[in-house]
Amino acid sequence: SPSIVWFRDDLRLADNPALRAAIDRDEPIIALYLLDEESPDMRPLGGAARWWLHHSLVSLGERIAERGGQLILRRGAAADVVPQLVTDTGAGAVFWNRRYGGPGRTVDADLKASLRDDGVEVASFAASVLFEPWTVTTGSGTHFSVFTPFWKACQALPSPRAPLPEPRELAGPGRRVASDDLDDWALLPTRPDWAGGLRETWEPGEPAARARLREFLRTDLDDYSRGRDEPARDVTSRLSPRLRWGEISPYTVWHETVETGGGAKFLSEVGWREFAWHTLYHFPDLATKNLRPEFDAFPWPRLEPTHLEAWQRGETGVALVDAGMKELWHSGIMHNRVRMVTASFLIKNLMIDWRHGEEWFWDCLVDADEASNPFSWQWVAGSGADAAPYFRVFNPELQREKFDKHDEYVRRWAPEHLDGGAPEPIVDLKASRNAALDAYEKVKRTP
Ligand code: FAD
């Protein structure tokens, strides 16, 4: 009886333990990708994410076909689609790699129980994080809320396992199994087609992800610690969408980096990704609720839609903010330093609730994920885990002087600020900063 491998955010053949389990079972393999927008509380993908997913599925489908298999596409609620596929194909086993967000976990646990009741073998595996959330605890058995001791505790655990090799052959189901046509999912934008910048910037898929890791380790890792804060210097890995979609495994990233004999700073950034996922696991409402409830008392003023729009379009009149927002819109990505500055500006100078910013990033980022995006927004807002204190308000002009000294980044993305064509700033940086700090007094007074 065939084995179903249910691909989710692990669109790769190498280091894929669910796929490996199916190969070891030595029966025909049915590779499934399921677009599930129907299970309860599932967060719909943003526009840039849908674009990435389309192309990554094309690549995965080709790679599976080259090895003799077939990627089956289905759409619907997992609780309906997976059991139906088991029935249609007579599958005897279902394998997947675990996910850690609340709604996904509920779906998976229910499905596991019901398939097992029907006599189907089910197994799930660790593949998208190096350390699973329940394995990293403080001395008193609770989870960490501060990064440094968290990462120390991770490093004291046994090293992450070695990555699994990529299979050369995949035995398909033997007969054709019905599959949706990817184009019918309409993941790509049509009118208007805003994806030109994404096409210029990215090549989704596992081979490009592996190539980028190798190139990064060879040419950029040495400069990483020094250059990672300067947005015009392209020395960071740009692996975030690849990790987001699981085109490359964190185990591969870990081991290939360790083999260089360096990379501790880089790996600690990968550690922040782990920390974000652990935080989401323990706090499934991360995208909607303040992790620190005293922030519920924050007196957000009435939303000023023209301010939100100016921020989204990169028309705030503040150079580094505008450059970052334009980079995001054009290419689906934004440098980490500039993410912090644009987020701080929205929350603390425009006094707009972090959730509005989180949603915009969710829609525009190719790397938007359930954990890192809300985690980072709450980090900037001061309401999150190990967060920057609220009163640390980035000054976008000083940040520009420090990290974009020669205006290279601003010239690339918002040259109007250098030729005098930019609008006047929509807020006074100093006055708005003081107003934000006054508002924060309310939070401080909340017991
Ligand atoms: P590198 O510096 O090369 O780091 C290597 C990897 O480590 C990254 O690919 C990423 O997977 C991980 N990483 C690095 N920094 C962080 C961090 N601070 N938090 C979590 N993981 C990190 N990252 C996302 O992957 N998805 C998001 O949706 C996301 N939203 C963010 C929103 C805001 C407001 C901020 C301030 C940061 C956000 N980040 C997010 C974190 C960070 O900006 C990106 O991971 C990073 O810019 C990706 O570039 P890189 O791959 O070149 O990173």
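Before moving on, here are some points about what is shown:
- Per-residue Cβ neighbour rank within 10 angstrom, fewest leading, S159, S432: S159, S432
- Rounded to whole Hz, the Karplus (6.51, -1.76, 1.60) HN-Hα couplings of region 85-99, x for glycine and proline: 5, 4, 5, 4, 9, x, 5, x, 8, 10, 10, 8, 9, 6, 10
- Amide H contacts under 5 Å for R75: L35, restricted to partners 5 or more places along the chain or on a different chain, H placed in the peptide plane at 1.01 Å from N.
- Relative to the longest principal axis of the Cα atoms of the chain, the long axis of helix 102-117 makes an angle of roughly 10 degrees.
- Cα gyration tensor, region 1-128 - rounded (a/c under 1.5), prolate or oblate: oblate
- Springs join every pair of Cα atoms under 10 Å in this Gaussian network model of the chain, and among A49, A14, A156 the largest mean-square fluctuation is at A156.
- Kirkwood-type radius of region 117-251, with distances r between different C-alpha atoms, in Å: 19.6
- Max mean-square fluctuation residue, GNM over the chain, Cα-Cα springs under 10 Å, options R75, R161, R228: R161
- Percent of beta bridges antiparallel (DSSP, the chain, rounded to nearest 5): 0
- Couplings for region 345-350, taken from phi via the Karplus curve 6.51 cos²θ - 1.76 cosθ + 1.60 with θ = phi - 60°, read 4, 5, 6, 9, 9, 8 Hz in order; Gly and Pro are left as x.
- Region 293-442: Lys pairs at Cα distance under 22 angstrom, eight or more positions apart or on different chains: 9
- Per-residue ellipticity at 222 nm, computed for the chain from helices alone with -39500 (n - 2.57) per DSSP H run of at least four residues, works out to -14000 deg cm²/dmol.
- Each part gets one Cα centre, and for region 418-447 versus region 113-137 those centres are 46 Å apart.
- Rounded to 10°, Cα long-axis angle of helix 47-66 versus longest principal axis of the chain: 30
- Max mean-square fluctuation residue, GNM over the chain, Cα-Cα springs under 10 Å, options L170, L130, L418: L418
- Exposure proxy order (Cβ contacts within 10 Å, fewest to most) of W96, W185: W185, W96
- Between region 284-314 and region 381-411, the Cα center-to-center distance that results, in Å: 18
- Reported value for the chain: 152 Å³ per residue, from the convex hull of its C-alpha atoms.
- Three-way shape label, region 308-430, alpha-carbon gyration tensor, a/c 1.5: prolate
Values quoted throughout were computed directly from the atomic coordinates according to the rules given, and no laboratory measurement underlies them. Computed from a predicted model, the values in this text were never measured in an experiment. As a convention, Cβ positions derive from the backbone with ideal geometry for all residues, glycine included, and neighbour counts pool all protein chains shown.
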